[in-house]
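Before any comments, here is the structure.
The values are calculated or read from the model by the stated rules, or taken from the named source; none is laboratory data. Quick caveat, the model's predicted, so the values are computed rather than measured. Because the Cβ atoms are built from the backbone with ideal geometry, glycine has one as well, and the counts that use them run over all protein chains shown. Just so you know, the surface numbers come from the protein's heavy atoms only, side chains and all, with ligands and any DNA or RNA stripped out. Shrake-Rupley method; radii C 1.70, N 1.55, O 1.52, S 1.80 Å.
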Amino acid sequence: MSCSGATSCGMVDRKDFDAIGGTPVRYGSPGNYVRRTISCERSFYGDLVDWLKSLKYFSDAFGGAQMNGVDFIGHAGAFVCKPGCHGRGLALDINRVQWAGVACNMFGGDHASGTRRVRRRYLAVDASCRKFFKYTLDGWYNAQHTNHIHVDGHTRPVFDKQSVSDVGFIQAVCNNFNGAGVTVDGSWGPRTQRAWDATNDAWGFNGCNPFGSEVAAAEWCNFVMAHGFADEGASASVYRSLLC
Amino acid sequence: MQGSGPGGQRVPRREFVRRAALVTVAAGAGASTLARAMARTVVPTVTEAPIELGPVSGLARLRGDTIAVGGDDGAPRVWRRSDAGWARLTGDGSFPPGTSLADVDAAGDRLLAVGSIVSARGPAPAAFASNDGESWSAVSLPGAVPDLGAATSVAARRGRFLFVGTGFESAEVLEPAGPFGVEVGPDGTSTWAGNGLPSLHHGAITMVGALDDGFLLGATDVAGMRLASSPGPAGPWVSVPPPPIEGPSAPVAAATVDGATVLVVVDGVDITSWWRRESRGWRRIPPIGDLTTDVRVQAMVGGRSKVAVAGVAGHRGVYEEVAA
């Protein structure tokens with residue numbers, strides 16, 4: 001389904017929800033979250049359920065006791081009657097993931113936190129989104145997204161070296177998990193290529209092409225989630241893939 | 001009596017028009033003055049009329065007739081409702097390929113329809129002028145209008161049009177990336193009118209309406225619904241407190257009805273609500289006419305004698321006209 005067109009908004013098969021697969025969604029900002037029914041396309045809701053299952057699995061497995069179970073997802077809106085994917089019920093602005101003992105606070109700008117552990121946790125959540133939603137826009141993408149992660153899913157998620165969003169995310173991963181020291185500018189060049197190769201060597205990702213395969217891109221996101229929730233560098237190699 | 005079909009062919013009236021009787025709206029306890037004063041005329045929808053009225057996204061009054069625009073993505077349609085009933089005015093070749101129409105308004109004898117043209121480079125804002133609703137010509141846009149974006153709404157006052165829209169961040173990611181405004185004068189010349197528009201954070205202008213006392217601009221951003229008014233297309237824009245709606249919401253249509261501003265809002269679960277501006281602020285009112293809340297209103301044209309509203313229910317075009 002296209003996100004542009006004659007009418008600024010509307011859904012074909014609307015799904016009303018105040019929880020994603022049983023996990024509450026709360027609209028607002030820190031100190032002001034309210035559980036409220038929102039809407040999206042039913043197909044997109046199915047993607048959200050899959051996304052949250054995956055996020056929970058990895059945060060449970062690698063995040064320790066503080067990340068057992070997600071208490072709620074904070075957000076700034078799904079369907080909103082405006083041009084673009086929000087207007088078609090195909091997008092969600094996520095601004096918090098709250099576990100029992102810790103949170104990923106996109107609203108507070110965790111991507112730019114002075115604490116590496118916080119940045120890695122943000123990147124793990126970021127990766128969980130990219131595993132299911134091709135157009136994931138994070139705090140590195142532009143100023144509009146420093147307080148939330150936008151996800152929409154109108155094409156299959158495969159990495160693209162021409163995508164500012166994808167490349168910026170990869171550069172941030174290489175910096176935070178393998179000390180690459182590359183500029184996060186969304187532009188793929190020789191330094192980013194070297195950082196990419198070194199990171200994959202370090203955590204043992206090889207034989208797959210995330211730029212051509214949806215499965216490979218998802219597996220690379222699994223590496224980021226595992227290391228991010230575990231707060232481990234790439235060299236710790238805490239995740240093993242049967243595929244890549 | 002006959003009406004015009006696509007390409008100007010004449011269609012026997014009985015084949016495309018069916019008018020229902022004028023029915024007075026019952027006024028319940030607490031009903032607004034507006035509602036009590038209204039009667040409605042139910043006009044054909046797709047289920048009732050041989051002429052297919054698809055989704056309607058804009059309405060205008062031209063020489064006493066109602067002009068409706070809409071259709072599907074890349075398949076724009078223009079209809080006219082006159083005393084003879086509904087007639088489709090445009091065919092498949094009336095607009096450039098990829099055109100979608102979001103709104104229309106009239107200034108005197110001229111129509112301006114706005115929307116977007118989708119190409120391989122993504123959607124681009126577009127505007128088209130017409131004197132009759134059948135023949136349309138593209139309007140040259142100021143250079144400041146973003147190449148990537150869509151015009152969302154147009155309104156006319158005192159012979160001048162103001163149309164508004166949003167740019168997009170990229171062709172892939174259709175996230176709103178800043179509003180724009182364009183004024184179109186009586187000679188068809190367009191000028192940039194975007195400098196004084198309210199600043200938005202991660203939002204978009206969703207409508208502009210022409211009221212008796214000026215333009216009303218509606219937008220939505222991370223802070224929720226935003227409204228601003230201005231006496232003219234170039235501003236200055238003054239913030240107007242919005243109706244008290246919790247959660248994400250967006251204004252979609254506004255008009256002066258029976259001397260008061262009526263605003264239509266779509267909330268975060270795609271439910272339409274109606275609001276009337278009074279001295280103490282906005283008051284929620286029943287829907288105009290016989291519209292239920294599952295009808296997403298996308299256009300409204302007010303006036304002293306009658307009010308027309310239109311939109312979509314599912315994929316079915318909906319139009320109602322009531323006496324004010």
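Which residues, counting only those in region B:89-112, are among the small types (Gly, Ala, Ser) and either within 11 Å of chain A (Cβ to nearest Cβ) or touching a Ser or Thr at 6+ places or on another chain (Cβ under 6 Å) (or both)? Break it down stepwise before answering.
Keep residues of region B:89-112 that are among the small types (Gly, Ala, Ser), which gives B:91, B:93-94, B:98, B:100, B:102, B:106-108.
Hits for region B:89-112 are B:98, B:100, B:102.
Could you check region A:112-159 and list, in sequence order, the residues that are more than 9 Å from chain B (Cβ to nearest Cβ) and of a type in the set (Asp, Glu)?
The answer is A:126, A:138.
Can you tell me how many residues within region A:197-217 are open to solvent by 20 Å² or more (accessible area, probe 1.4 Å), part of a helix (DSSP H, G or I) and touching a residue at least 12 places away in the same chain (Cβ under 8 Å)?
Residues of region A:197-217 open to solvent by 20 Å² or more (accessible area, probe 1.4 Å): A:197-198, A:201-202, A:204, A:206-209, A:211-215.
Retained after the next criterion (residues that are part of a helix (DSSP H, G or I)): A:197-198, A:201-202, A:214-215.
Now drop any that are not touching a residue at least 12 places away in the same chain (Cβ under 8 Å), which leaves A:198, A:202, A:214-215.
So the answer is 4.
Restricting to region B:230-253, and then to whatever is part of a strand (DSSP E or B) and open to solvent by less than 40 Å² (accessible area, probe 1.4 Å), can you tell me which residue is nearest to the other protein chains (Cβ to nearest Cβ)?
Filtering region B:230-253 down to residues part of a strand (DSSP E or B) leaves B:230, B:238-240, B:249-253.
If we keep only those that are open to solvent by less than 40 Å² (accessible area, probe 1.4 Å) as well, we get B:230, B:240, B:249-253.
On the way: B:230: 20, B:240: 18, B:249: 8, B:250: 4, B:251: 9, B:252: 6, B:253: 11 Å.
Checked region B:230-253; the qualifying residue nearest to the other protein chains (Cβ to nearest Cβ) is B:250.
For region B:117-126, state whether one or more residues are assigned to a strand (DSSP E or B), over 17 Å from residue B:320 (Cβ atoms) and either under 14 Å from the mean Cα position of the chain (by Cα) or away from every other protein chain (no Cβ under 14 Å) (or both). Lay out the reasoning, then the answer.
Let us first name the residues in region B:117-126 that are assigned to a strand (DSSP E or B), namely B:117-119, B:122-126.
Checking which are over 17 Å from residue B:320 (Cβ atoms) leaves us with B:117-119, B:122-126.
Checking which are either under 14 Å from the mean Cα position of the chain (by Cα) or away from every other protein chain (no Cβ under 14 Å) (or both) leaves us with none.
Scanning region B:117-126 turns up no residue that is assigned to a strand (DSSP E or B), over 17 Å from residue B:320 (Cβ atoms) and either under 14 Å from the mean Cα position of the chain (by Cα) or away from every other protein chain (no Cβ under 14 Å) (or both).
Filter region A:160-186 for residues that are within 14 Å of another protein chain (Cβ to nearest Cβ) and not hydrophobic (A, V, I, L, M, F, W, C); which is surrounded by the fewest Cβ atoms within 10 Å (Cβ to Cβ)?
Out of the qualifying residues, it is A:162.
Within region B:254-288, how many residues are in contact with a strand residue (DSSP E or B) (Cβ under 7 Å, 6 or more places away or on another chain), open to solvent by less than 30 Å² (accessible area, probe 1.4 Å) and more than 24 Å from residue A:37 (Cβ to Cβ)?
Total meeting the criteria: 8.
Among the strands (runs of 3 or more DSSP E) confined wholly to region B:143-210, which include 1 or more residues that are open to solvent by less than 10 Å² (accessible area, probe 1.4 Å)?
Numbers: elements: B:149-157, B:160-168, B:176-184, B:190-192.
Ranges flagged: B:149-157, B:160-168, B:176-184.
Among the numbered conditions (1) over 26 Å from residue B:128 (Cβ atoms); (2) at pLDDT 95 or above; (3) within 14 Å of chain A (Cβ to nearest Cβ), tell me where residue B:221 comes up short.
(2)
Of everything in region B:272-324 that's among the acidic types (Asp, Glu) and more than 25 Å from residue B:115 (Cα to Cα), which residue is modelled with the lowest pLDDT?
At the first step, the residues of region B:272-324 found to be among the acidic types (Asp, Glu) are B:278, B:290, B:294, B:320-321.
Checking the rest, the ones that are also more than 25 Å from residue B:115 (Cα to Cα) come to B:278, B:290.
Numbers: B:278: 94, B:290: 77.
Ranking the qualifying residues of region B:272-324, first place goes to B:290.
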